[in-house]
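To start, the structure under review is shown below, and the notes come after it.
The values are calculated or read from the model by the stated rules, or taken from the named source; none is laboratory data. Here the structure is a predicted model, which is why all the values come from computation and not from measurement. Glycine gets a Cβ as well: all are built from the backbone with ideal geometry, and neighbour counts include every protein chain shown.
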Amino acid sequence: MSEGGEDLVTTNGTLQRHINTQADKTRHKCDVCAKEFSQSYTLKRHMRKHTGETPYKCDMCARGFSQSSDLKKHIRTHTGEKPYKCDVCGRQFSRNSFLTGHMLIHTGVKPYDCDVCGKSFGKLWNLQRHMRTHTTDKPYDCDVSGKKLCSLGNSQRHMRTDTGEKPHDCDICGKGFSHRGNLNVHMRTHTGEKPYDCDVCGKVYSQSSSLQRHIRTHTGDKPYDCDVCGKGFSELCVLQRHMRTHTGDKPHNCDVLEMYMYKNT
């Protein structure tokens, strides 16, 4: 057979497999949600979302998963394995999706925009959580205090303020923290790590919030306005102190001064 004939057979074979795949879609349909699949095993895996079946068990904590890939990711929470490394700063992650999200810090890309206020976010879930500030949707209730929270993560962190639970301990000084992120920030007091650099003057910071406050010294941005006189401030704590000039509130009392005033009345 000529070379052209072989190409035609190959092309026809690929086309036939494609036709079979498309035709096969109609044979694998989910009875619950009507979603269609080209392969029977894909449908079987999908059905676990409806049945709750978790055939893949963790040998360390007995937690179950519907997919083997999810179990592999979970195992890394026990082993501490972080195979995905950032080429820019060297930070390592247990999941490729975590690395992808982290890279947005270096690139500055924020592809998710809020339709209400125009604020941009690097991650979709950050945008979704932000949208609740406009809708006042708070679907998560605290079982202890009844407080309503806008995200599951906030709900879990809030619960620890009620229970006092601090499951994340510092290996160096033993200090406990209610959230892993707080522990990560604390560790920098031991390591001296300051991963956040100012693009203008090069000053470095251990926390992104500190860098953001510093940036305002360059930009002159004052996002916190006084409702009484309209004066703007670059930091919330400075606005709060300013408000006392209107309210007369004096939360920090001096015992010596109070005794002096008492004796002279």
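The sole residue among TYR56, TYR112, TYR84 that is under 30 Å from THR135 (Cβ atoms) and touching a helix residue (DSSP H, G or I) at 6+ places or on another chain (Cβ under 9 Å) is TYR112.
Hey, does segment 132-149 have a residue that's farther than 24 Å from ASP199 by Cα and at pLDDT 80 or above? There is at least one residue in segment 132-149 that is farther than 24 Å from ASP199 by Cα and at pLDDT 80 or above. Of the helices (runs of 4 or more DSSP H) entirely within segment 19-124, those holding at least 2 residues that are touching a strand residue (DSSP E or B) at 6+ places or on another chain (Cβ under 6 Å) occupy 68-79, 96-107.
Candidates GLU36, GLU6: the one that is over 27 Å from the mean Cα position of the chain (by Cα), modelled with pLDDT of 85 or more and more than 30 Å from LYS194 (Cβ to Cβ) is GLU36.
The numbered conditions (1) modelled with pLDDT of 85 or more; (2) in contact with an Asp or Glu (Cβ under 8 Å, 6 or more places away or on another chain) are all true for ILE172 except (2).
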